[in-house]
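Taking it in order: structure first as structure tokens, then the write-up.
The values are calculated or read from the model by the stated rules, or taken from the named source; none is laboratory data. Keep in mind it's a predicted model, so treat the numbers as computed, not measured. Here the Cβ is made from the backbone with ideal geometry for all residues, glycine too, and neighbour counts use every protein chain on show. Surface accessibility is based on the protein's heavy atoms, side chains included, excluding ligands, DNA and RNA. Shrake-Rupley method; radii C 1.70, N 1.55, O 1.52, S 1.80 Å.
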Amino acid sequence: MSSEQNQESIRCLVAKAGLDGHDRGAHVIARAFRDAGFEVIYSGLHKAPEEIVQAAVQEDVNVLGISILSGAHSTLVPKILNGLEEYGAAADTLVLVGGVIPEEDREELEAQGVANIFGPGTAVEETIEFVRENAPER
Amino acid sequence: MSNEDLLEALLAGEHRALARVISKIEDRSPGHRELVSKLYAHSGEADVIGITGSPGAGKSTLVDKLAETYHERGQTVGIIAIDPSSPFSGGAVLGDRIRMVSTVGDMDVFVRSMSARGTLGGLSTATADAVKAMDAFGKDKIIVETVGAGQNEIDVVRTANTVAVLVPPSSGDVIQTLKAGILEIADVFVVNKADCPGADRTVQELREMLQLGEDAGLGGGGSNRHSQAVIDAHNDWRSEAKEEIESGWSTPIVETVAMDGTGIEELINALAAHREYLVNSGERADHVRDRYAQEIRTLLREDVHGLLEDELERAGSVHDLADAVRRGQTDPYTITRKLLDPVETCLEGLDSDRLVDDGSGTDFRPK
């Protein structure tokens, strides 16, 4: 029956982690995701890893995009990933990192469970495409 | 995870299961109805509070402070924050979480953002179902927060037992408030940002408006036949209770400054007083009955809509039919009549005329 038809939507949490006040990029992504038809939950600035985990679990997002430009990614991202693991949410959350991530740190983040890293200059279309293709089914 | 496991995990108090159940409700995923219908047996205890008001009125900040205060008093809180979705892409930016800062890192306050997906009526069903899930989970207080503009939003906020309407100072004269039909749904008025210029005047104007209403039998939250008729024409929610009971509740006006928590105590007291009033006057039972009546109506409407969509598909796509209209071969009225005739015949054969929602607001209860 049509009323049972699936109205599934891709839900994304766009999160700003740590002491980093630069949210222009997060805003651009939030807007672009919205225009791509996703539901975007924006965390606001200066979020601690546990706050981001709490939001990701409660909102049951398929995609978590973490924006970090402060250089603290190697500390913050693992904390978030561990938190997701704690709630059993790591397996079906696509974790993306955006921002300034040095080349030499990428491999480690990806090994920890980050699906992709989008550095400066990435076209938003590329990110959207990646999300569409890889967002886990719920 | 199967529905049974999910339900079990939810009842056992796993937050992730609650989150997943709400996702299923939002997604209208297969089998979600079965799940929701099982929730009814476990719900009915929670106190549901609706908060509405124009964008920027301070709803999210106020909800945050309410949640914090309830939480400090040892009560668990669920929050459903609803934001509009883009009519163009269907996407949405849900920003209410930004203001919810007082209770971070504490799962006992469960915040869920929702957007309007699908068609009219869908959101209020999804909200009511999500409230049910939080209720069954065992949340003591459930707060539904939404921008109060238009029928859809007002339907949503009516899933609550007690509705607080936020009016920011200098938000135009009170005629602006009347427009949205907001006067009738308020059980409590909150003049937020009470430290801003113009707050006194807003309080004064609201008070006058309420007194005017009471004198003329048009009180806010009371029996408001004229404007109720307007609402009924569209959707006869709560009408029975309104007609039968002369309301003994006089809508209080509470001044708050959500940013620093001023007036939150008073607001909580006003909300509690309203709840007490509902219980003592017996209105709560009517309220619950009317809400279920509305749920039945909405579900039926959705299902019928679904059946008709299917029929439309079978008749060739709606685009082909529209093309036929464009070419001057037929017109929308003829098409609609042709599509509905067999449905009508079928329903006549069913001998259950009183179950047919013809849009005139027929009561579904057996005569």
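Would you mention how many residues in the range B:282-306 are aromatic (Phe, Trp, Tyr) and open to solvent by less than 70 Å² (accessible area, probe 1.4 Å)? Full working, then the answer.
Quick first cut of the range B:282-306, residues aromatic (Phe, Trp, Tyr) only: B:292.
Those left that are additionally open to solvent by less than 70 Å² (accessible area, probe 1.4 Å): none.
The total comes to 0.
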(message) Quick check on A:GLY71: is it over 14 Å from the mean Cα position of the chain (by Cα) and of a type in the set (Gly, Ala, Ser)?
(response) yes
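Could you please let me know if A:PRO49 is at pLDDT below 95 and either open to solvent by less than 20 Å² (accessible area, probe 1.4 Å) or touching a strand residue (DSSP E or B) at 6+ places or on another chain (Cβ under 6 Å) (or both)?
Considered against the rule, which asks whether it is at pLDDT below 95 and either open to solvent by less than 20 Å² (accessible area, probe 1.4 Å) or touching a strand residue (DSSP E or B) at 6+ places or on another chain (Cβ under 6 Å) (or both), A:PRO49 comes out as yes.
Somewhere in the range A:57-72, is a residue facing another protein chain (nearest Cβ under 10 Å) and open to solvent by 20 Å² or more (accessible area, probe 1.4 Å)? Write out each step before concluding.
Within the range A:57-72, the first condition is being facing another protein chain (nearest Cβ under 10 Å), and the residues that meet it are A:57-62.
Applying the additional criterion that residues be open to solvent by 20 Å² or more (accessible area, probe 1.4 Å) yields none.
Checked the range A:57-72: no residue is facing another protein chain (nearest Cβ under 10 Å) and open to solvent by 20 Å² or more (accessible area, probe 1.4 Å).
Rundown of residues vs (1) assigned to a helix (DSSP H, G or I); (2) farther than 16 Å from B:LYS132 by Cβ, yes/no style:
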site: B:ILE22; (1), (2): yes, no
site: B:GLY44; (1), (2): no, no
site: B:THR52; (1), (2): no, yes
site: B:LEU66; (1), (2): yes, yes
site: B:ALA81; (1), (2): no, yes
(message) Given (1) buried (at least 24 other Cβ atoms within 10 Å of the Cβ); (2) within 18 Å of the chain's Cα centre (by Cα), identify the lone condition not met by B:LEU10.
(response) (2)
(request) Those residues that are at the interface with chain B (Cβ under 7 Å from one of its Cβ atoms) and either within 12 Å of the chain's Cα centre (by Cα) or outside any loop (DSSP other than H, G, I, E, B) (or both), I need them from the range A:32-51; list them, please. (result) A:PHE33, A:ARG34, A:ASP35, A:GLU39, A:VAL40, A:ILE41, A:TYR42, A:SER43, A:GLU50, A:GLU51
(message) Name the residue that is nearest to the other protein chains (Cβ to nearest Cβ), counting only residues in the range B:14-50 that are open to solvent by less than 30 Å² (accessible area, probe 1.4 Å) and at positive phi.
(response) B:ARG28
(message) Report every pair of residues separated by at least 6 positions or lying on different chains whose Cβ atoms are under 6 Å apart, first residue within the range B:252-276 and closer than 20 Å to B:LEU210 by Cα, second in a helix (DSSP H, G or I).
(response) B:PRO252/B:ALA270; B:ILE253/B:VAL203; B:ILE253/B:LEU206; B:VAL254/B:GLU266; B:VAL254/B:LEU267; B:VAL254/B:ALA270; B:THR256/B:LEU267
(message) Criterion first (over 19 Å from the mean Cα position of the chain (by Cα), of a type in the set (S, T, N, Q), over 30 Å from B:PHE189 (Cβ atoms) and assigned to a loop (DSSP other than H, G, I, E, B)) does B:SER89 satisfy it?
(response) yes
(message) Taking the conditions exactly as written (free of Cβ contacts under 8 Å to residues at least 24 places away in the same chain, of a type outside the set (D, E, K, R) and closer than 21 Å to A:ARG11 by Cα), does B:SER60 satisfy them or not?
(response) no
(message) modelled with pLDDT under 90, on the phi < 0 side of the Ramachandran plot and of a type in the set (Gly, Ala, Ser): which single residue out of B:SER115, B:SER170 fits that description?
(response) B:SER115
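What about A:VAL97, is it within 14 Å of chain B (Cβ to nearest Cβ) and surrounded by 15 or more Cβ atoms within 10 Å (Cβ to Cβ)?
Considered against the rule, which asks whether it is within 14 Å of chain B (Cβ to nearest Cβ) and surrounded by 15 or more Cβ atoms within 10 Å (Cβ to Cβ), A:VAL97 comes out as no.
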(request) For residues that are among the polar types (S, T, N, Q) and open to solvent by 30 Å² or more (accessible area, probe 1.4 Å), scanning just the range A:73-94, find the one that is nearest to the other protein chains (Cβ to nearest Cβ). (result) A:ASN82
(request) Tell me which residues, restricted to the range B:325-355, are part of a helix (DSSP H, G or I), modelled with pLDDT under 90 and either polar (S, T, N, Q) or in contact with a strand residue (DSSP E or B) (Cβ under 8 Å, 6 or more places away or on another chain) (or both). (result) B:THR336, B:THR345
(request) State which residue is modelled with the highest pLDDT when the search covers only the range B:245-271 and only residues that are open to solvent by 10 Å² or more (accessible area, probe 1.4 Å) and of a type in the set (S, T, N, Q). (result) B:ASN269
(message) Kindly evaluate B:ALA116 against the criterion of being of a type in the set (Gly, Ala, Ser) and either surrounded by 24 or more Cβ atoms within 10 Å (Cβ to Cβ) or under 25 Å from B:ILE268 (Cα atoms) (or both).
(response) no
(message) If I ask for residues that are open to solvent by less than 40 Å² (accessible area, probe 1.4 Å) and either assigned to a loop (DSSP other than H, G, I, E, B) or touching a Phe, Trp or Tyr at 6+ places or on another chain (Cβ under 9 Å) (or both), which ones from the range A:100-112 would you list?
(response) A:ILE101
(request) Say whether the condition of being more than 9 Å from every other protein chain (Cβ to nearest Cβ) and either touching a helix residue (DSSP H, G or I) at 6+ places or on another chain (Cβ under 9 Å) or in contact (Cβ under 8 Å) with a residue 24 or more places away in the chain (or both) is met by at least one residue in the range B:84-93. (result) yes
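Could you please let me know if B:GLY78 is within 25 Å of B:THR256 (Cα to Cα) and within 12 Å of chain A (Cβ to nearest Cβ)? Even if it seems obvious, please write down each step before you answer.
Working: within 25 Å of B:THR256 (Cα to Cα): yes; within 12 Å of chain A (Cβ to nearest Cβ): yes.
Here the answer is yes, as B:GLY78 does meet what is asked.
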